[in-house]
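Here the structure is laid out as C-alpha cells; the discussion comes afterwards.
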Amino acid sequence: AARSMAGDKGCRHALPNAQIMTHPPKLNRTFDTSVNVQIKANEIEVCEDTYMGFMSEFSGKPIETVKTELDRRRYFTPQQAIDYGLIDRIIQKGTDVFEKRNYEAELMAAQAGQRGAMPTGR
C-alpha cells in the first residue's frame, strides 16, 4: 500500500479487483541473544514510527488514528482504500489513466527553449 500511496494526489489508482494491504513492520519470533533481540526491537520501533508517519501523511489522517487502525495487517477493497484516503481512483475499462496531452509539441517547445537559453560562448 505504501508504494501506491506515495504518488502525487490524483495519480494514485487501483484496478477494480485489486486488494490493497497495509502491513506495518513487526518483530517475528526471534531466537537470538537478548541483546540482539533488543536491537532488532528498537529498529522495528523506528521503522514502525516512520511507516505510520508515511501512512498518516498519505491518508491525511492524524497519526494517532492511523496507529490504532493500522497496527496490524489490514486489507482494503479499492473503494475502502478511496474512503480511507489511500488511493484516489479506481481504473475502469476504457477510461484514461493519464490526461491526454500533446507530448510531441511539449517536447519541441522545451527543446526550443533550451536552444534559446544556451550561451553562445563567442
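The candidates M21, M55, M108, arranged from most to least accessible area with a 1.4 Å probe in the full protein assembly, appear as M108, M21, M55.
Against the chain, whose longest principal axis is taken from its Cα atoms, helix 103-117 shows a tilt of about 70°.
Rounded to 0.05, the FRET efficiency of the N42 and Q79 pair, given R0 = 41 Å and the Cβ-Cβ distance, is 0.60.
Do the sum for the chain: with -39,500 (n - 2.57) for every DSSP H run of n ≥ 4, divided by all residues, what is the mean residue ellipticity at 222 nm, to the nearest 500 deg cm²/dmol? It would help to have the intermediate numbers written out before the result.
Values: 5 runs with 59 residues, N = 122.
After summing the helix terms and dividing by the residues of the chain, the value is -15000 deg cm²/dmol.
Based on the alpha-carbon gyration tensor of the chain and its eigenvalue square roots a ≥ b ≥ c, which shape applies: rounded if a/c is under 1.5, prolate if not and a/b is larger than b/c, or oblate? Verdict is oblate for the chain.
Accessible area of L15 (1.4 Å probe, protein heavy atoms only, ligands and nucleic acids ignored): about 110 Å². Here the peptides 72-82, 40-50 are ranked by packing, the mean other Cβ count within 10 Å, and the order with the highest first is 72-82, 40-50. In a simple Cβ point-charge model (Lys, Arg +1; Asp, Glu -1; nothing else charged), the chain has a dipole of about 360 debye relative to its Cα centre.
From the protein chains alone at 1.4 Å, what is the descending order of accessible area for T30, T68, T22, largest first?
Working: T30 45, T68 100, T22 0 Å².
Order by accessible area, largest first: T68, T30, T22.
The heavy atoms of K9 present about 130 square angstrom of accessible area, all protein chains included, probe 1.4 Å.
Phi angles of the range 29-36 translate, via the Karplus equation with coefficients 6.51, -1.76, 1.60 and θ = phi - 60°, into HN-Hα couplings of 4, 10, 10, 7, 5, 4, 5, 5 Hz per residue; Gly and Pro are given as x.
The values are calculated or read from the model by the stated rules, or taken from the named source; none is laboratory data. For clarity, every value in this text was computed on a predicted model and none was experimentally measured. Neighbour counts are summed over all protein chains in view; Cβ atoms, including those assigned to glycine, are modelled from backbone coordinates with ideal geometry. Just so you know, the surface numbers come from the protein's heavy atoms only, side chains and all, with ligands and any DNA or RNA stripped out. Shrake-Rupley method; radii C 1.70, N 1.55, O 1.52, S 1.80 Å.
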